[in-house]
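One structure is given here, and the rest of the page talks about it.
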Amino acid sequence: MVENLKSKELIMGKSRETWNKKEREKQKQKAKKEKEERKKHRKETAKTGDLENMMAYVDENGVISSTPPDPARKKIIKVEDIVIGVPEQKPVDPEDLIRKGKVTFLNEAKGYGFIRDQQSGESLFVHVNNCSQQIQHHDNVSFEIEWGPKGASAINVKLV
């Protein structure tokens, strides 16, 4: 009887295994057939592979389009005009560096304030150590601009 059970288990196990193999084989065949159908569909619907349909153009703003650029809008750039690195600076006239403005804020206790530039309208930081004379709120002053790590500041501040 024990031998009978073992033989039935073996038979059942084999029959189940063969059923799984058949099922896997059917699935493989089905996937292969679907792949062939997709390939056939792609070939039928594909556009012609000519170069004109595959070209893409980039305009002066960096936008990609399918139309070629207008040759009339072409700009010619000379190699000599291209500057790599820091451009040469022209000598600055010392009178252009001297500006005039008005003291808009002054904190005498902490020793700093702000000057409104008459020429550009921007507000510049000023420290009392950069003033040659005692300044007050609403005074008209002349000064020079110096660029520091935190931006522009006024130096050599004098009353006008």
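FYI, it's all coordinate maths here, none of it is from the lab. From a predicted model like this one, the values you see are computed outputs, not experimental measurements. Cβ sites come from the backbone with ideal geometry, for glycine too, and all protein chains shown count toward neighbours.
Points to keep in mind about this one:
- Evaluated over the chain, the Cα radius of gyration and Dmax, each in Å: 41.8, 123
- Rounded to the nearest 20, the size of the Cβ-charge dipole of the chain about its Cα centre is 2340 debye, with Lys and Arg at +1 and Asp and Glu at -1.
- Whole-Hz Karplus values for the stretch 20-27 come out as 4, 4, 5, 5, 4, 5, 4, 5 Hz, taken residue by residue from phi with 6.51 cos²θ - 1.76 cosθ + 1.60 and θ = phi - 60°; glycine and proline positions read x.
- For the chain, the relative contact order is 13 percent, taking Cα pairs closer than 8 Å that sit 6 or more residues apart in sequence and dividing their mean separation by the residue count.
- Shape summary: the stretch 94-159 maps onto an equivalent ellipsoid whose semi-axes, from the alpha-carbon gyration tensor, are 16, 13, 11 Å in decreasing order.
- The stretch 106-160: relative contact order as a whole-number percent, Cα under 8 Å and 6+ apart: 31
- Positive-end residue, the stretch 74-160 charge dipole about Cα centroid, Cβ charges, pick of Pro91, Ser120, Val141: Ser120
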